[in-house]
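Data block below; observations after.
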Amino acid sequence: MRFIGWRFGSGASEVHRGVDPAGAPVEEYLDRLLLTLSGSPRQVRHTLAEVEAHLHDAVAEETAAGKSRPEAEAAAVARIGSVCDVTGRRSAFGRPMAALLRRTALAGSLIGGVGLVAVGVSGAIARALAAMRGGSFVTAPFPPGSYTRADCARWLAGNPAAHNCVTAMIADHLGDIALQSYAAGIVGLLALTAYWIMRRRWHDRGTLTALPVGSAEAAGGLLALLVAIGTLGTGINAELVQRGQGAGQQFSLALAAVAAAMFFAIRLYGAVRSRRVDPVPHVAS
Amino acid sequence: MKSEKLKGNLDMLLLAVLAAGPGHGYSIITRLRERSDGAFDLPEGTVYPALHRLEAAGLLDSSWEVVAGRKRRMYRLTAAGQESLAEEARQWRAFTGSIAMVLGG
């Protein structure tokens, strides 16, 4: 195939002056394609280079046929078809926002998964604190008058070892806390499993989407830190104002949140460090 | 020709074009258009998923070469690709022959 554009010289001279003959429509098309392509970074880079070369050839041919540059660019983009034609995918995820949606799903499942696992871990910590400092340290009893005899009967039936209504109430609350925490932990593990599967399937890295590397880890770490500070403050308040009653649950959440924040910090450090060692490859020209 | 009919046979057509010699995406689609006298006119980008699929299947090989001052990915037929093309061409001729008989041609 001879490149008619080079023979007639218009494209070649503009390239020689450093001006890109393809122009904005082609650049916009390549931008959309970059956000839509999936696969390994190398696969994306190679496909992008192929399509860029194709468009340049098409623009040169259209220009040689007498079209103005804007007309040639528009014709070249029309000839190559939609980005879905190049990617070969017809699903809803073929739109240019697909990469951002994928990254959002990955970030959500990572942050949500770690957060829910932390809640699960806090349930175990709360159990340990209840064993050390008594159940009322973890969960404060309801104020007298706010519950009925029927409530007492229900709590005592569920906790036969309890000697009185308040002890049975606290034991029942501790059981609820444990159940809810462990359920959250299981959901968190499922979310992390989904994250692992999606990440293997999509091969996306932060460099190929609108979000920079480590953005999910930074967001998750910040969120965990805020939760840790909030629950620690609430726990300290309970310790001072309520003589420690109910402080244990807050402290257990704070400890779990700190662990989650450290997890995200380590991942963020690893992500930033790997980006410094292996910078984003430039698209071949 | 309706693009739906063409897409179903695109792999075979690409193998046939590359049987005449290696080429990059733009040259392949251009040769396809020329050899069909303009009858095969798909969106040009559709060749890329087909080429990548054929390469993943081992029917094509590719390498990066500088052509006219620009790096291009050149595709060429492998031995397995030649065998596949021969078989598909045989099946196509048998199929079109049967159709022609039914149509009374």
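The values are calculated or read from the model by the stated rules, or taken from the named source; none is laboratory data. The model shown is predicted, which means the values in this text are computed figures rather than measured ones. Glycine gets a Cβ as well: all are built from the backbone with ideal geometry, and neighbour counts include every protein chain shown.
Tell me yes or no: at least one residue of the range B:47-57 is within 13 Å of another protein chain (Cβ to nearest Cβ), farther than 18 Å from A:V44 by Cα and surrounded by fewer than 16 Cβ atoms within 10 Å (Cβ to Cβ).
Restricting attention to the range B:47-57, the residues satisfying the condition of being within 13 Å of another protein chain (Cβ to nearest Cβ) are B:47-56.
Add one more test, that the residue is farther than 18 Å from A:V44 by Cα, and what stays is none.
No: the range B:47-57 contains no residue that is within 13 Å of another protein chain (Cβ to nearest Cβ), farther than 18 Å from A:V44 by Cα and surrounded by fewer than 16 Cβ atoms within 10 Å (Cβ to Cβ).
When you look at A:T139, is it touching a Gly at 6+ places or on another chain (Cβ under 7 Å) and within 14 Å of chain B (Cβ to nearest Cβ), yes or no? Walk me through it before giving the result.
On the way: touching a Gly at 6+ places or on another chain (Cβ under 7 Å): yes; within 14 Å of chain B (Cβ to nearest Cβ): no.
When the stated conditions are applied, A:T139 does not pass them.
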Whether any residue in the range B:61-70 is more than 21 Å from B:L85 (Cα to Cα), within 11 Å of chain A (Cβ to nearest Cβ) and in contact with a Cys (Cβ under 9 Å, 6 or more places away or on another chain) is what I want to check.
no
(1) modelled with pLDDT of 90 or more; (2) crowded, with 21+ Cβ neighbours inside 10 Å; (3) not assigned by TED's automatic domain parsing to the domain that holds A:A228 all hold for A:V114 apart from (3)
So B:L42 passes all but one of these: (1) within 13 Å of another protein chain (Cβ to nearest Cβ); (2) surrounded by fewer than 18 Cβ atoms within 10 Å (Cβ to Cβ). Which condition number does it fail?
(2)
Subset of the range A:133-164 (residues that are surrounded by 18 or more Cβ atoms within 10 Å (Cβ to Cβ) and in a helix (DSSP H, G or I))
A:G135, A:S136, A:F137, A:V138, A:W155, A:L156
Identify the residue in the range B:8-38 that is within 11 Å of another protein chain (Cβ to nearest Cβ) and loosely packed, with under 14 Cβ neighbours inside 10 Å and, among all such residues, is nearest to A:V86 (Cα to Cα).
B:E34
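I need the full set of residues from the range A:61-76 which are part of a helix (DSSP H, G or I) and either free of Cβ contacts under 8 Å to residues at least 12 places away in the same chain or under 15 Å from B:G25 (Cβ atoms) (or both), in order please.
First pass over the range A:61-76, keeping only residues part of a helix (DSSP H, G or I): A:61-64, A:69-76.
Within the range A:61-76, A:E61, A:E71, A:A76 qualify.
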